[in-house]
Amino acid sequence: MAPFRGLFLLTYFWLRQWVHTAALAAYEFSRNGLILTCLLWLGASGCASNPYTARSQLLIIPESYEIQMGEQAYAHVLEDPKITISTDPREVEPVQRVAKRIIAAAKVSKYAERAKKFAWEVTVIKDDKTKNAWALPGGKIAVYTGIFPVAKNEAGLAAVLGHEVVHALARHGAERMSQGLVAQFGLQAASILLSTGGGLGPQMNRVVMQALGLGAQVGILLPFSRSHESEADYVGLLLAAQAGYDPREAIRLWQRMAAASEGQPPEFLSTHPSHETRIQNLQRWMPEALAIYNRVEHAPVADLPTVTPSPSQEHPSPPSESH
Ligand SMILES: [Zn+2]
């Protein structure tokens with residue numbers, strides 16, 4: 001049977017080669033190549049679609065790998081000597097409280113399976129100048145105290161965390177890693193790199209950190225795409241409502257964010273939806289979110305503590321805002 005086996009393997013490898021080459025060509029030469037690439041990658045678990053929006057996603061990164069990257073990135077940030085972790089209960093407790101309810105909501109969402117698998121952890125970073133929060137694959141969350149004046153109260157913070165947690169649950173990081181690897185190495189090389197599963201070279205590491213929204217750590221800010229932002233806004237709104245927070249606070253949050261981000265360099269916001277578009281979309285989704293909010297037990301909502309940005313805390317490159 002050996003010759004048959006040889007022939008079979010040869011055919012198999014030839015077919016695989018062909019599929020890879022065709023997929024690469026489709027991706028590189030066609031703006032709508034994603035669908036074709038998806039078709040070619042069927043069976044190689046290269047594609048998925050978002051359970052809320054049905055948007056198709058190119059995902060060549062195994063979930064376990066993505067979670068491992070999330071955990072490494074989280075450790076990397078927390079080990080940074082420039083970072084101060086808050087232990088002030090006035091700052092930590094409201095964040096823990098809101099995160100707990102958002103995580104519970106995620107566990108009954110369409111992402112329930114993944115949310116239950118994540119080893120959730122929340123850290124408050126004492127940095128009154130950085131208006132930021134992020135959630136990484138695997139469920140590691142960080143909130144910078146600088147976001148408190150923008151979030152204003154626990155419902156505002158719920159809108160922020162709802163949004164961030166969706167980036168992690170919807171595998172936006174893995175999608176960006178896939179896109180980044182394909183763009184940098186081509187589909188075939190990227191798949192070989194992944195299949196060797198080996199040590200991350202500095203170049204790979206860069207792609208991964210950027211994909212996770214921690215681009216500033218490697219010197220390049222890479223905002224999430226508009227479709228990721230819009231997906232995080234929509235599903236995040238539903239999660240916050242499910243967690244018992246008034247979803248209408250999300251609109252006030254983005255209004256405060258718009259006011260606070262005046263004077264930001266335009267390139268930072270260039271791929272973000274404009275604040276007006278964002279607010280219009282939120283208003284469009286509001287009836288659905290309010291219907292959820294009206295049938296759940298409402299969360300207590302207290303104001304967040306006031307923080308005062310002090311010039312001594314200024315550092316040259318704040319972590320990239322992932323909203
Ligand atoms: Zn975002």
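Tabulated results
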read-out	value
Selected residue (criterion: farthest from the ligand (Cβ to nearest atom)) from residues of segment 133-167 that are touching a Gly at 6+ places or on another chain (Cβ under 6 Å) and among the aliphatic types (A, V, I, L, M)	L136
3 or more residues farther than 19 Å from L253 by Cβ and charged (D, E, K, R): qualifying strands (runs of 3 or more DSSP E) within segment 91-145	none
Within segment 223-240, considering residues that are near the ligand (Cβ under 9 Å from one of its atoms) and not in a helix (DSSP H, G or I), the one modelled with the highest pLDDT	F224
Test result for A243, more than 16 Å from the ligand (Cβ to nearest atom), at pLDDT 95 or above, within 20 Å of the chain's Cα centre (by Cα) and among the small types (G, A, S)	yes
Sole residue being crowded, with 21+ Cβ neighbours inside 10 Å, at negative phi and modelled with pLDDT under 85, chosen from L36, L40	L40
Any chance V77 is farther than 21 Å from K152 by Cα, under 21 Å from the mean Cα position of the chain (by Cα), assigned by TED's automatic domain parsing to the domain that holds T308 and assigned to a loop (DSSP other than H, G, I, E, B)	no
Residue count, segment 252-264 (criterion: surrounded by fewer than 17 Cβ atoms within 10 Å (Cβ to Cβ) and within 20 Å of the chain's Cα centre (by Cα))	0
Looking only at segment 273-323, and only at residues there that are part of a loop (DSSP other than H, G, I, E, B), of a type in the set (S, T, Y) and more than 16 Å from the ligand (Cβ to nearest atom), the one that is modelled with the lowest pLDDT	S317
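The values are calculated or read from the model by the stated rules, or taken from the named source; none is laboratory data. Note that the structure is a prediction, hence the values are computed from the model and not measured. Backbone-built Cβ (ideal geometry, glycine too); neighbour counts: all protein chains shown.
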